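Please read the structure below before turning to the comments.
The values are calculated or read from the model by the stated rules, or taken from the named source; none is laboratory data. These numbers come from a predicted model, not from an experiment. Note that we place each Cβ from the backbone using ideal geometry, even for glycine, and neighbour counts take in every protein chain shown.
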Amino acid sequence: MERRSVLWAVLAVSALALPSKGQAVGEANGESPVRPADGIVSVGAGSYRVGLPPGAKGPPQTIYAAAGLRGPYPTNDWWSSLLWEPFSQPHFSHPLAIRAEAGGLRVQYPGPGVHANREGIFGAMGGGKGDLVLGLDADQPLADARVEGYSDWFVTVRFGPPGAGFSASYGHGSPYVYAMFDASRPRVSFARPAEVFAGRADSSVLGVRVGRSCYGLFAPAGSTWTGLGGDKLVCQPPAGKRYLSLAVLPDDKKETLALFARCAHAHVTDTRVAWRYDPATDAVRTTFTFTTTPRDGSERSTLTALYPHQWRFAQAELTGQSYASVRGTMKLARGTSFQTILPLGGGLPVLPRAAGVAPAEMARLLGPALNENMAHVRDTYAEGKVLGKLATAAAVAEQYGLTEQAAELRKRVRERLEEWLTARGDARAPRMFCYEPAWGTLIGLPPSFGSDRELNDHHFHYGYFLQAAVEVARHDPAWASDRRWGGMLRVLIRDIASADRGDKLFPFLRCFDPYAGHSWASGHAKFGDGNNQESSSEAMNAWWAILMLGEALGDRELRDLGAYLYATERSAVREYWFNEHGSYPSGAPECLAMIWGGKGVYATWFSARPEHVAGINLLPMHGGSLYLDLPPAVAHRQWDALMKRTGGELKHWADIFWMARAMSDPEEAGRLLEAAGPDWKPEAGNSKANTVHWVRSLMELGTIDRSVRADAPFCAVFRRDNKKTYAAWNLGPNEKTMTFSDGRKVTVPAKSWRVVSP
């Protein structure tokens, strides 16, 4: 699909024309500067501030980008440390690990060393030279490494000044590194003397073994090598052909080296993801396309390794070869594109009313939410959690006919959102959003967890705002129109997941990694193990909100963006965080709380308690959390392990685990809830009303029947004692008939729902 769409055209031109580094507003679009005198840009009824107020702290203003590369700059990517430091921290492109250093590009294949223990799965980049360093045939260190270009999952790094350096390109899934040299000869330095198992000094192709890893070195035809048998190889290419490719090989077979040689000089020069959501088949079709430029010969196909969440659902030309990684086995494919087909596997705006819960009981349970004191709530994360809690409680109240309570909760949410979505010139204003022009990002003030200086967690924080806004928009679409508050909501969406590669304000899909299939939380990724993400469920909360908002507003492109993000991260979460397919190495824990580039660990940033480690990837719990209905064997294994770790007593976040358990064993969840008595305390982003409603609803409905799908996003089928119940929500303005794959049809009035049992 074409990304330069009309999706964002509703915003005023002045709002779009924000600067790249060193530019006044408007210059990025070739327009005359239009920076408002007071720094406030109006978007519909809302607004944001250009620049941070005095005293506020933002990200560093030194950006390691090559001359000619303009913002907005990608943050929260697997390679982002390149932009934040003179060189870089390790990048885990998989199957390779790569680091930009003063000596050049260090390359390693961590696969042979991947291992697991009760703390996690590990495949980090070792010290020293790794396997090899690609650099120049010169002894002087390079001054720095700068980002020269990038695409959806590839990056190009520049070493040295024009005419006296080289550029190297690499990316997710690629076993290759492609290099272009200005003048100096290419040099490959090994951690130890390399064994040449194929080729001679006058061969353009060499096969070398370094420790337990095999590499192919691919020079232009007519090249020669010096240093064979030692720890340094220097290539002398023919005149006018100053390029070189190297690749980690699955094995040392002659036919493998020949395959890699055929594709070696089809340099990947662009990568693009495109998606299409098809409600009729409940499927998200994602196409991954490589643009290649032949440097030697005419071959255009490349080789790429697919992650498990890709190859399980892929239409691709697999070669039968594979690599080991911390994500599991990666399977090699050949071509210039491949496609995955994923089920949306969505949820519901809210679970249906539990018949066994009286409205009066629910009204009592809603009391704490209605009386929530927000005076102490200030930063974007804490505020977001409270807003999400109140919005979810409003939806629950509606199910029990408590219209006044639901309206009051929505009113509180709406008023607070409007306050946040309105910027003020007074720097002392307690709550607002500011556009930071050097990087191209939106910073909510007051910030938290490094959301300002490190640009961390924006999708976590803003996802809660969007989730809360959906509950208002679901009942009042005009409120979320672009002329009112929808314009600012779209600005928040664009900060975390702009669908437009030509967006002048924000990078394409900032927080989401199309190839890895999930989000990254750190803005800078300045860690020895690469970037990381802890709370996958808070990422899913953001994508769920985008999906629902698009449906509520009748905006198909926005809906499809949410569907793509939700379905894709769903597959990655179930694969890598929860081990749905049992692909973890022997000795690994039952689940992982935090995924890093070079590892996955049973740990959090804030606590070692098993409840927090397991629970951080469950909250917030609402109708969009139904993707956590793991297969029974997996769910029971996770639960049993948690009980063993806690001694059978949940001292923290018990409500979150009761709700999660209800998706696999509703009766046990009900017993636990009943045994807790009346005095239990919910998690900060949850409410007693939501917990009781969720558990009691699933006790009556049963578990989700994934064998039945629907031709609309907000439908679900539940099964209890071989009895099926169909739940269908219609967020649109017209009556709609939903058709389920077993032939059942359910007609739902506009902006309403129906629950049907045969």
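In table form, for the structure just shown:
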| quantity | calculated |
| --- | --- |
| One residue from Val746, Val695 being in contact with a Phe, Trp or Tyr (Cβ under 6 Å, 6 or more places away or on another chain), crowded, with 22+ Cβ neighbours inside 10 Å and either within 20 Å of Pro631 (Cα to Cα) or not assigned by TED's automatic domain parsing to the domain that holds Asp278 (or both) | Val695 |
| Options Glu404, Glu418, Glu372; residue that is among the acidic types (Asp, Glu) and assigned to a loop (DSSP other than H, G, I, E, B) | Glu372 |
| Out of Ser245, Ser298, sole residue that is in the same structural domain as Phe190 (by TED's automatic domain parsing), of a type in the set (S, T, N, Q), under 27 Å from Ser184 (Cα atoms) and surrounded by 23 or more Cβ atoms within 10 Å (Cβ to Cβ) | Ser245 |
| Out of Trp694, Trp680, sole residue that is of a type outside the set (D, E, K, R), closer than 29 Å to Glu538 by Cα, more than 31 Å from the chain's Cα centre (by Cα) and at pLDDT 95 or above | Trp680 |
| Single match in Gly160, Gly130 (criterion: on the phi > 0 side of the Ramachandran plot, outside the structural domain of Cys214 (by TED's automatic domain parsing) and at pLDDT below 95) | Gly130 |
| Hits in the range 167-203 - residues which are closer than 17 Å to Pro238 by Cβ and among the aromatic types (Phe, Trp, Tyr) | Phe181 |
| Check on Phe606, surrounded by fewer than 18 Cβ atoms within 10 Å (Cβ to Cβ), within 25 Å of the chain's Cα centre (by Cα) and assigned by TED's automatic domain parsing to the domain that holds Gln533 | yes |
| Tally of residues being of a type in the set (Gly, Ala, Ser) and not in a loop (DSSP other than H, G, I, E, B) across the range 146-169 | 4 |
| Some residue of the range 107-114 being among the β-branched types (Val, Ile, Thr), modelled with pLDDT of 95 or more and within 30 Å of Glu590 (Cα to Cα) | yes |
| Count of residues meeting criterion [surrounded by 15 or more Cβ atoms within 10 Å (Cβ to Cβ) and polar (S, T, N, Q)] in the range 35-65 | 2 |
| Residue match in the range 446-457 (condition: within 23 Å of Leu547 (Cβ to Cβ) and modelled with pLDDT of 95 or more) | yes |
| Residues within the range 700-750 that are within 15 Å of Val350 (Cα to Cα), aliphatic (A, V, I, L, M) and in contact with a Gly (Cβ under 8 Å, 6 or more places away or on another chain), tallied | 1 |
| Only one of Gly222, Gly230, Gly216, Gly240 that is under 26 Å from Ala97 (Cβ atoms), assigned by TED's automatic domain parsing to the domain that holds Phe154 and assigned to a loop (DSSP other than H, G, I, E, B) | Gly230 |
| Count of residues meeting criterion [in contact (Cβ under 8 Å) with a residue 60 or more places away in the chain and of a type in the set (Phe, Trp, Tyr)] in the range 661-712 | 1 |
| Number of the condition not met by Thr292 [criteria: (1) buried (at least 17 other Cβ atoms within 10 Å of the Cβ); (2) over 30 Å from Gly345 (Cα atoms); (3) touching a Gly at 6+ places or on another chain (Cβ under 8 Å)] | (3) |
| Residues located in the range 301-327, provided they are outside any strand (DSSP E or B) and crowded, with 23+ Cβ neighbours inside 10 Å | Tyr307, His309, Gln310, Ser325, Val326, Arg327 |
| Unique match (being under 14 Å from Ala542 (Cβ atoms), touching a helix residue (DSSP H, G or I) at 6+ places or on another chain (Cβ under 9 Å) and either surrounded by fewer than 24 Cβ atoms within 10 Å (Cβ to Cβ) or modelled with pLDDT of 95 or more (or both)) among Arg484, Arg494, Arg510 | Arg510 |
| Restricting the range 253-284 to residues that are assigned to a loop (DSSP other than H, G, I, E, B) and buried (at least 17 other Cβ atoms within 10 Å of the Cβ), the residue that is modelled with the lowest pLDDT | Asp282 |
| Options Ala427, Ala360, Ala394; residue that is closer than 24 Å to Ser535 by Cβ and either modelled with pLDDT of 95 or more or over 23 Å from the mean Cα position of the chain (by Cα) (or both) | Ala394 |
| Filtered residues of the range 156-174 (kept if of a type outside the set (Gly, Ala, Ser), farther than 18 Å from Leu244 by Cβ and crowded, with 24+ Cβ neighbours inside 10 Å) | His172 |
| Failed item in (1) surrounded by fewer than 22 Cβ atoms within 10 Å (Cβ to Cβ); (2) without any contact (Cβ under 8 Å) to a residue 60 or more places away in the chain, with Ala382 passing the rest | (2) |
| Residue in the range 202-209 that is at pLDDT 95 or above, of a type outside the set (Lys, Arg), outside any loop (DSSP other than H, G, I, E, B) and in contact with a Lys or Arg (Cβ under 9 Å, 6 or more places away or on another chain) present | yes |
| Hits in the range 89-115 (condition: within 21 Å of the chain's Cα centre (by Cα) and more than 28 Å from Gln321 (Cβ to Cβ)) | Gln89 |
| Test for Thr291: is it in a strand (DSSP E or B) and out of contact with any Cys (no Cβ under 8 Å at 6 or more places or on another chain) | yes |
| In the range 328-345, residue nearest to Thr292 (Cα to Cα) [restricted to those that are in contact with a strand residue (DSSP E or B) (Cβ under 8 Å, 6 or more places away or on another chain) and not in a strand (DSSP E or B)] | Thr329 |
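One line per residue, one yes/no per condition, for (1) of a type in the set (A, V, I, L, M, F, W, C); (2) touching a Pro at 6+ places or on another chain (Cβ under 8 Å):
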site	(1), (2)
Gly388	no, yes
Ala397	yes, no
Tyr400	no, yes
Arg416	no, no
Arg453	no, yes
Asn456	no, no
Tyr464	no, yes
Asp476	no, no
Gly486	no, no
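Yes/no matrix, rows are residues, columns are (1) within 30 Å of Ala603 (Cβ to Cβ); (2) in a helix (DSSP H, G or I):
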{"position": "Ala478", "(1), (2)": "no, yes"}
{"position": "Arg484", "(1), (2)": "no, no"}
{"position": "Gly502", "(1), (2)": "no, no"}
{"position": "Phe506", "(1), (2)": "no, no"}
{"position": "Arg510", "(1), (2)": "yes, no"}
{"position": "Ser522", "(1), (2)": "yes, no"}
{"position": "Glu538", "(1), (2)": "yes, yes"}
{"position": "Asn541", "(1), (2)": "yes, yes"}
